[in-house]
1. For chain B, what is the percent of antiparallel DSSP beta bridges, rounded to the nearest 5?
2. Would you work out the Kirkwood radius for segment A:58-135? I mean one over the mean of 1/r across all pairs of different Cα atoms, in Å.
3. Give me the three principal axis extents of segment B:167-248 from the C-alpha atoms, as integers in angstrom, largest value leading.
4. Which of the peptides A:116-123, B:118-125 is most tightly packed, and how do the rest follow, judged by the mean count of other Cβ atoms within 10 Å per residue?
5. Dividing the alpha-carbon radius of gyration of segment B:86-245 by 2.2 N^0.38 Å (N being the number of residues), what value is obtained?
6. Suppose we keep just the alpha-carbon trace of segment B:204-297; what are its Rg and Dmax in angstrom?
7. Taking every Cα atom in the protein assembly as shown, find the radius of gyration and the maximum pairwise distance Dmax, and write them in Å.
8. How far apart, in nanometres, would the label points at residue B:290 and residue A:226 be if each is projected 7 angstrom from Cα along the Cα-to-Cβ direction?
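Values in this text are rule-based calculations from the coordinates and carry no lab data. What you are looking at is a predicted structure, and each value in this text was computed from that prediction instead of being measured. Neighbour counts are summed over all protein chains in view; Cβ atoms, including those assigned to glycine, are modelled from backbone coordinates with ideal geometry.
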């Protein structure tokens, strides 16, 4: 971890316009939970909170979007505008740059998504006795955020179109393809996150049943983080700036 | 080719920067073609038209491009995939982009901290003073002019007191006063034994600053040496002029007899003269006209652009 790089990255991420947009989006699950709480709905609160609120809104949309915004911007924005040179032309091993940027992107992502997860979860389930749902999804979101951020950060070193590529991954691959072809779910960070959440929340299959087992999800999350992190470092070690840049 | 004064033990033995048969290509496009040179302390200018390969050479020298062939060593070390070499390298990239939300002081301080200097605040203050930016140091860079941004970049590059300074078009956007200040600063740094390499497509900048000149054209090292050598090469080349006078035909016939002229051409009444020696022709032309009783209206060089000078050096 390199503190100057981390501090710079934090200011970089908090200064971008997309962060404001994300802060607004993070309020959506909270508002929906409030509507559910004070509205009159037939669905059981634990069912709704785990399947709709957590799985479909937070894990499927807010988490990958936040990770995409912060993961690609943490280093990618500097690579795109040429300022990365000011960090890379320093006697710092490139892996330290990657790790510092990743940690900040991850923590900022977690700050937004975890806040939404906990506040919305507590709102939806207060007095219902399903605290583990909130705990399970909170832990899963933290782990999922790390995997997403690592992948998107590596992607931002690999291509200047990382944001677009990330959107395709999240909304086409995870949102569409893994729904159509069961075998592709082992290649989905969303499914790992849901598997881990279900494992920790210990809900009955009737209430919430993820596609992947908890242990399997945890191992796959770790593998994704390690492989994507290694790829990101490798790419940055061989980073070249062209004539056009 | 070594453009540095040959030190005892051979030029390569103490060269701060050494390129041997370095090439870089992008697919089928050759950006830099088998360039070799060695540089010692002092200021060297990479001179060439836009797109000649100057930036590619600087990118390779700074470890941001891998040579497709050949070897590059800076202070005896490879630069590619070797971040530790940046302890001794300061880099001023051509791109203007900086962190707009940082002040100049914060930006230079960031560099000092990344270099793990023992007293980063003092180092940043010293570098800011050197580029004469103290009054604006606490303003956000986003509001800076192009010339001020250029000075911030230089301050960040020198904050760790590097032995090698690489600058890509450092005078872009600088006003004349800033330009002179920066030139003085670079001369002082070079006088302290540092090796400074800068690129420019402007002949006068190189002439005023560089002790050694490397002329890069179409990715090749077309000429190298001290500026007087390069200037002589440029001046001694054949020059072509168009001449307007009261009697072009008679003037052409008289001029061809001059030893400095080796060709005349009269097409549609337009007289074109090719001279081997610029100074001798400049001296002879008005005298010949006067002797012949011909009024000379205009003598215009047709190929004085830097590109045409460069083209000549390549063909030479």
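1. So the antiparallel bridges amount to about 65 percent of the total.
2. 14.5
3. Sorted from largest, the Cα extents of segment B:167-248 read 58, 29, 22 Å.
4. Descending mean neighbour count gives A:116-123, B:118-125.
5. Normalised by 2.2 N^0.38 Å, the Cα Rg of segment B:86-245 equals 1.20.
6. Rg, Dmax (Cα atoms, Å): 17.0, 49.
7. My reading of the Cα-based Rg and Dmax gives 32.1, 114 Å.
8. Modelled inter-label distance: 9.0 nm.
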